[in-house]
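Working notes, structure below.
The values are calculated or read from the model by the stated rules, or taken from the named source; none is laboratory data. Fair warning: this is a prediction, and the values are worked out from it, not measured in the lab. Here Cβ is always computed from backbone atoms with ideal geometry, including for glycine, and neighbour counts include all displayed protein chains. The protein model used for the area step is the full one, side chains on, heavy atoms only, and it has no ligands, DNA or RNA in it. Shrake-Rupley method; radii C 1.70, N 1.55, O 1.52, S 1.80 Å.
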Amino acid sequence: MARPLIVNTMTEPQDSAPRSGLLPAQRVRWGLPDAVAGLVLTAAIGGGQVLLARAPRLPHGDWVGVTLQTLFYLLIAAFLVLVSKTRGLGRIRRDFGFELRWVDLLIGVGLAIVLQVASVLVDQLAFDVLKLPVLPTGNVSLPKSRGWAVFDGLAIGAFLAPIVEELFFRGLVMRAVRNLVIRRAKFEGPATTRRAARVSILVSALVFTAAHLYESRNLTMLFVLGVWIFIVGLVTAAIATRPGRHRPSMIAHILTNGVSAVVVLGSTH
């Protein structure tokens, strides 16, 4: 007698919960290759942006620089949406943690204050302890026109850039590394998830720092900027790796960039 054919008609819900530990739902296929592709795309767009800005026969001006910078972040955002739609759950919120609630505002403000204090301590280490030359250490460069400077500093630097960077570095990159460590582990459990969290925090902070070091113009800026951004990357990643705690990191990033932009606007415009 032939065995009856059993057909499994159950499908995983669109917003299915994580399977085990920190692993994402079964439908998620994005991972480290997508993160590497995103880094290559970022480097290619950034390099193209520099070449276009220096091309002698193309128009130059504040609006050109601001437009290129805006396109840079919009293209990275489009890449994240593409990865989510084609290889993930189809929602940025579910894949990379994009969600903001008012309850996270206080945590984000407190985190931003801690990061500002850390910035002062890094300056003291550089100038008072290591005796590095006293040179400018800020990496915020705004257009000469006040209108474009305000738009560049606040709309892009303090809003668009932090959101895209958080989704990319603490969303795609950090979670891709974390998932890879868990998937390759021989045993699942609290020890594995803790190790995956530590590795992903460190790797994402290093990648985040490396992506910003090109802005350094001297040894002092290289040290101060490198240490400061590494601290920012570690702290925000540590907060973002906790369930539902990506939002305070994003708020802190927005506030930190916003304060820097306001200081530069107040001193040069």
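Taken as Cα centroids, the range 32-102 and the range 110-182 sit 17 Å apart, rounded to the nearest whole angstrom. What the phi angles of the range 181-186 give under the Karplus curve with 6.51, -1.76 and 1.60, with θ = phi - 60°, is a coupling list of 4, 5, 5, 8, 6, 6 Hz, glycine and proline written as x.
Of the peptides 114-121, 187-194, the ranking by mean beta-carbon count within 10 Å, highest at the top, reads 114-121, 187-194. Quick check on the range 43-159: what does the Kirkwood estimate of hydrodynamic radius come out to from the alpha carbon pairs, in Å? Here the Kirkwood hydrodynamic radius works out to 18.0 Å. Rolling a 1.4 angstrom probe over the range 144-269 with all protein chains present gives an accessible area of which 68% lies on carbon and sulfur atoms.
Note on the range 171-229: the alpha carbon radius of gyration divided by the globular reference 2.2 N^0.38 Å gives 1.44. Computed over the Cα atoms of the range 140-269, pair by distinct pair, the Kirkwood hydrodynamic radius stands at 15.8 angstrom.
So with the 1.4 Å probe, I'd like the accessible area per residue for the range 130-178, rounded to whole Å².
43
For the pair Phe187 and Ala37, label points projected 7 Å from Cα toward Cβ lie 3.6 nm apart. Sorted on the mean count of surrounding Cβ atoms within 10 Å across their residues, most packed first, peptides 157-168, 79-90 read 157-168, 79-90.
Any idea what diffusion coefficient the range 136-214 gets from Stokes-Einstein, in µm²/s, Kirkwood Rh on alpha carbon pairs, 10 °C, 1.306 mPa s? D, rounded to a whole number, is 108 µm²/s.
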